[in-house]
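Structure first, commentary second.
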Amino acid sequence: MELVVPSGTDTLLRDLVQEHTGMFFDAEKGDLLLDKLSPLVIERGFHSFLDYYYLLKYDENSVDEWKNVIDAISVQETFFWREMDQINALVDCLIPEWAERSNGRRLRIWSAACATGEEPLTIAMALAEAGWFDRIQVEIIATDASTAALTKAEQGLFRERAFRNLPLAMRNKYFEKEGNTWRVDPALKSRVSWDRANLVNRHEIAHLAESSFIFCRNVFIYFSNDMIRRVVRTFADHLKKPAYLFVGVSESLLKITTDFELLTVGNAFVYKLRETSRRPLNSNIELATLKRRQ
Ligand SMILES: C[S@@+](CC[C@H](N)C(=O)[O-])C[C@H]1O[C@@H](n2cnc3c(N)ncnc32)[C@H](O)[C@@H]1O
């Protein structure tokens, strides 16, 4: 079916998608966004993208449709043992430092765009290998905006591609072959709790950001600088100092925020929340202001 794109609709959709998901499609990628959305437009029985825009913008039941949009437009590429220098820095340098000052507190690590789960499970494997689960209480929270990705994560079944970086010995230790997939050890999986959270929604992420370590890797590449600034601001307001933020190797926060300083820890670049970073005087006032603006 030939779908109609009335003049200006592509821009309206791009802006709306960015506001709701953070994902930014510049003018050059406008067609890509329309391509990704077309099956949803057809499924809804519309002939025009403008009708779909109205649905997303004004329909009171649009919450469910937004879940479909996020599933359709997000890139969920991930694999085990990805960018391990950062996880080694966490396990070998930062957690020992944290444990010395913890006074028996529970450690919280948040994987903020976990996709199908390989990142938080990698963190769990690395912590298990280093014996940290026997020494301290650790909570690993994994969230993503995509319901489809989370459903896969919770199934715990992974295909060959996910293992391209994982040492064979680790695969044999933590996974069991099931047909042409591999099932993760339930004991390892139970180290992680899974939930849906949209990074652009301050209410959804404020309590999650009350962590010592946030992994938010390979998602800001899809966001505009303004949106990254907004998300990182929420992290800074809620992290528990001393606190660290890990972003992907191709992502930089240097022009985005002064709340964090870039450090080299082991072989990895890591952002540390500055001791001087301000806390909101009254976060309820901030939330009220934000609501008024929306
Ligand atoms: C490329 S994957 C990154 C996975 C993992 N962090 C890694 O580095 O391997 C990007 C993930 O970001 C998620 N994502 C995109 N926008 C998001 C948002 N606004 N809130 C939460 N997750 C989002 C996507 O659903 C996708 O699963």
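The values are calculated or read from the model by the stated rules, or taken from the named source; none is laboratory data. Here the structure is a predicted model, which means the values were calculated and not measured. Virtual Cβ from ideal backbone geometry, glycine too; neighbours counted across all protein chains shown.
Annotations
- Applying the condition of being basic (Lys, Arg) and either surrounded by 19 or more Cβ atoms within 10 Å (Cβ to Cβ) or under 17 Å from residue 216 (Cα atoms) (or both) to segment 78-114 and asking which residue is farthest from the ligand (Cβ to nearest atom) yields 108.
- Tabulated pairs, segment 208-223, first without any contact (Cβ under 8 Å) to a residue 60 or more places away in the chain, second more than 8 Å from the ligand (Cβ to nearest atom) and of a type in the set (S, T, N, Q), C-beta under 8 angstrom, 6+ apart or interchain: 221/250
- Residues in segment 141-162 that are surrounded by fewer than 23 Cβ atoms within 10 Å (Cβ to Cβ), farther than 20 Å from residue 201 by Cα and in contact with a Ser or Thr (Cβ under 7 Å, 6 or more places away or on another chain): 152, 157, 159.
- Among residues of segment 234-262, those that are touching a residue at least 60 places away in the same chain (Cβ under 8 Å) and within 16 Å of the ligand (Cβ to nearest atom), counted: 4
- Enumeration of residues in segment 45-76 that are charged (D, E, K, R) and at pLDDT 95 or above: 51, 57, 65, 67, 71
- Hits in segment 204-233 (condition: in a helix (DSSP H, G or I), out of contact with any Gly (no Cβ under 6 Å at 6 or more places or on another chain) and within 12 Å of the ligand (Cβ to nearest atom)): 204, 205, 220, 221, 222, 228, 230, 231
- Single residue of 75, 41 found to be outside any helix (DSSP H, G or I), surrounded by 12 or more Cβ atoms within 10 Å (Cβ to Cβ), touching a helix residue (DSSP H, G or I) at 6+ places or on another chain (Cβ under 8 Å) and not small (Gly, Ala, Ser): 75
- Count - residues of segment 163-203 that are surrounded by 17 or more Cβ atoms within 10 Å (Cβ to Cβ) and either in contact with a Ser or Thr (Cβ under 6 Å, 6 or more places away or on another chain) or part of a strand (DSSP E or B) (or both): 7
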